[in-house]
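Student: First the structure, which I've put down as structure tokens, then a few questions once you've had a look.
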Amino acid sequence: RLTPKITNELLKVLQNRVKESEQDATIQSVTPIYNHGHEAGTSVAHPHAQSFANAIIPPRLGREFFGAEQYHNKHQNCVFCKMIMFELKDNERVIVKTDGAVAFAAYAPRFPFETHIIPTAHNHSFAHTSQKSLMDVAQILTSMCHILAKKLHDPPLNWFIHTARHIDHHLQSSYHWHIEITPRLTTYGGYELAS
């Protein structure tokens, strides 16, 4: 069973792996993930975390970078920081919060119960997040995993970290690293796969 301390240790290990991967000039992005359950695509039976270093920027992450830059260019503000302010003020989708992070239901979820966890302090780089901020995120991530396990009978799920590299200075003001949790309660049908 995950505790905030264990989750924090896991995040620190992933943070170190991202830092190591960023030393390689051929690496364009690093994606830490966590798999829980067979339907979540696990290749091994037990829950596990991995970190994927890519020579390319995956399309979804690239669209996030592009959208964040476009928003920043137009509004001189980070879209994620704006989202945090909106969600906290509206308080409609907020699930768990601390001084340093917030978890809320995704506005237009791809999966039922999709949840986003965002540290409140702006930072484009997961690898260079303070230990205090990491502990706040670990506390919320642990709470969210427990809530989902209790309410949804321990569903298979994935969580992953979207982050820019520390050296991506052009994203420093516009992008904000975050975690997305995607429970796997349904399967894709033909339309979902086709579209």
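Student: Inside the stretch 102-111, can you point out the residues that are among the aromatic types (F, W, Y) and either in a strand (DSSP E or B) or more than 20 Å from H146 (Cβ to Cβ) (or both)?
Tutor: If the condition is that a residue be among the aromatic types (F, W, Y) and either in a strand (DSSP E or B) or more than 20 Å from H146 (Cβ to Cβ) (or both), then F104, Y107 are the ones that fit.
Student: What do you reckon, is Q172 touching a helix residue (DSSP H, G or I) at 6+ places or on another chain (Cβ under 7 Å), open to solvent by 60 Å² or more (accessible area, probe 1.4 Å) and either at positive phi or not basic (K, R) (or both)?
Tutor: It is false that Q172 is touching a helix residue (DSSP H, G or I) at 6+ places or on another chain (Cβ under 7 Å), open to solvent by 60 Å² or more (accessible area, probe 1.4 Å) and either at positive phi or not basic (K, R) (or both).
Student: Something else about it: So which residues in the stretch 43-101 are open to solvent by less than 60 Å² (accessible area, probe 1.4 Å), closer than 24 Å to D24 by Cβ and in a loop (DSSP other than H, G, I, E, B)?
Tutor: P58 - this is the single residue of the stretch 43-101 that is open to solvent by less than 60 Å² (accessible area, probe 1.4 Å), closer than 24 Å to D24 by Cβ and in a loop (DSSP other than H, G, I, E, B).
Student: Only one of these is without any contact (Cβ under 8 Å) to a residue 40 or more places away in the chain and among the acidic types (D, E): E39, E20, E64. Name it.
Tutor: E20
Student: Further question: Got a number for residues in the stretch 133-146 being open to solvent by less than 10 Å² (accessible area, probe 1.4 Å) and either in a loop (DSSP other than H, G, I, E, B) or in contact with a helix residue (DSSP H, G or I) (Cβ under 7 Å, 6 or more places away or on another chain) (or both)?
Tutor: Qualifying residue count, the stretch 133-146: 5.
Student: What do you reckon, is T26 β-branched (V, I, T), more than 16 Å from the chain's Cα centre (by Cα) and at pLDDT 95 or above?
Tutor: Yes; evaluated as a whole, the condition is true for this residue.
Student: When residues of the stretch 151-180 are filtered for being among the hydrophobic types (A, V, I, L, M, F, W, C), closer than 18 Å to G100 by Cα and not in a loop (DSSP other than H, G, I, E, B), how many remain?
Tutor: Adding up the residues that qualify gives 2.
Student: A follow-up question, please. With respect to E39, determine if the residue is open to solvent by 60 Å² or more (accessible area, probe 1.4 Å), in a helix (DSSP H, G or I) and not polar (S, T, N, Q).
Tutor: Yes, satisfied.
Student: Something else about it: Please go through the stretch 107-132 and pick out each residue that is open to solvent by 30 Å² or more (accessible area, probe 1.4 Å), farther than 23 Å from P4 by Cα and among the aromatic types (F, W, Y).
Tutor: Selection gives Y107 alone.
Student: Suppose we filter E69, E64 for residues that are touching a Phe, Trp or Tyr at 6+ places or on another chain (Cβ under 9 Å), more than 17 Å from F160 (Cβ to Cβ) and not β-branched (V, I, T); which single one remains?
Tutor: Of the residues listed, the single one that is touching a Phe, Trp or Tyr at 6+ places or on another chain (Cβ under 9 Å), more than 17 Å from F160 (Cβ to Cβ) and not β-branched (V, I, T) is E69.
Student: Now a separate question. Among the numbered criteria (1) touching an Asp or Glu at 6+ places or on another chain (Cβ under 8 Å); (2) modelled with pLDDT of 95 or more, which single criterion is violated by D99?
Tutor: Of the numbered conditions (1) touching an Asp or Glu at 6+ places or on another chain (Cβ under 8 Å); (2) modelled with pLDDT of 95 or more, the odd one out for D99 is (2).
The values are calculated or read from the model by the stated rules, or taken from the named source; none is laboratory data. Just so it is clear, the structure is predicted and the values come from calculations on it, not from any experiment. Positions of Cβ are generated from backbone atoms using ideal geometry, with glycine treated the same way; all protein chains shown enter the neighbour counts. Surface accessibility is based on the protein's heavy atoms, side chains included, excluding ligands, DNA and RNA. Shrake-Rupley method; radii C 1.70, N 1.55, O 1.52, S 1.80 Å.
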